[in-house]
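This report refers to the structure that appears directly beneath it.
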Amino acid sequence: TVMLLMVTTLQDRSTIAQLRRDQISNGYLTVHRGKTKATNRPVAIPLDLSMKVLGVSLRSLLERRTGVVSPFIVHHVKPWGNAPAGSPVSVDRMSHAFALARDLAGLGDGDSPPSLYECKSLGVRTYKATQPEVDLKALAGHATDRMHELYADARGIEPVMVRIA
């Protein structure tokens, strides 16, 4: 769920970790970003936002239930160390879980395997290629065009396309 939330909403790890159910109102998820210059300016993301290539909407992600009552969207489903069930998951725990899943999938090879944070960049690139109507700069919370283009950069992982016509 964490990875899908990051790819779909283009939010950073700390924002995802602190998402609360009371931030959902009138068809929007309102987020307050701590990392950007727009800290004092919340962003209202429509629940109907969807990552069409994944077949997932923000609404469907927020409607997922774990069977544990919690004000947090991403929370522990059983006690973890000193964290009781229902408490928010730390950014380090989310990153560690992502790294384990990545490695189990055989994607952790190389000098710099992808991190959880790369999901945001993947989301930007995917929306740009498949849903150009989405206001990516506003959604991702990029204060400048330069920062937005940095996230939209494929970092050399996309192939060179050969044209035949």
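Points to keep in mind about this one:
- Criterion: open to solvent by 60 Å² or more (accessible area, probe 1.4 Å) and either under 21 Å from Lys128 (Cβ atoms) or at pLDDT below 95 (or both) - qualifying residue of Arg33, Arg64, Arg102, Arg59: Arg64
- Residue pairs meeting the criteria (Cβ under 7 Å; at least 6 apart or on separate chains; first closer than 26 Å to Met51 by Cα, in the range 61-83; second of a type in the set (Lys, Arg) and open to solvent by less than 70 Å² (accessible area, probe 1.4 Å)): Pro71/Arg21; Ile73/Arg21
- Every pair of residues 6+ apart whose Cβ atoms lie under 8 Å, when the first sits in the range 102-126 and is more than 23 Å from Gly55 (Cβ to Cβ) and in contact (Cβ under 8 Å) with a residue 24 or more places away in the chain while the second is assigned to a loop (DSSP other than H, G, I, E, B) and not β-branched (Val, Ile, Thr): Tyr117/Asp12
- Among residues of the range 90-121 being assigned to a loop (DSSP other than H, G, I, E, B) and among the hydrophobic types (A, V, I, L, M, F, W, C), the one that is farthest from Thr1 (Cα to Cα) is Leu107.
The values are calculated or read from the model by the stated rules, or taken from the named source; none is laboratory data. The model shown is predicted, which means the values in this text are computed figures rather than measured ones. Reconstructed Cβ throughout: ideal geometry from the backbone, glycine too, with neighbour counts over all protein chains shown. Accessible surface areas use protein heavy atoms only, side chains included; no ligands, DNA or RNA. Shrake-Rupley method; radii C 1.70, N 1.55, O 1.52, S 1.80 Å.
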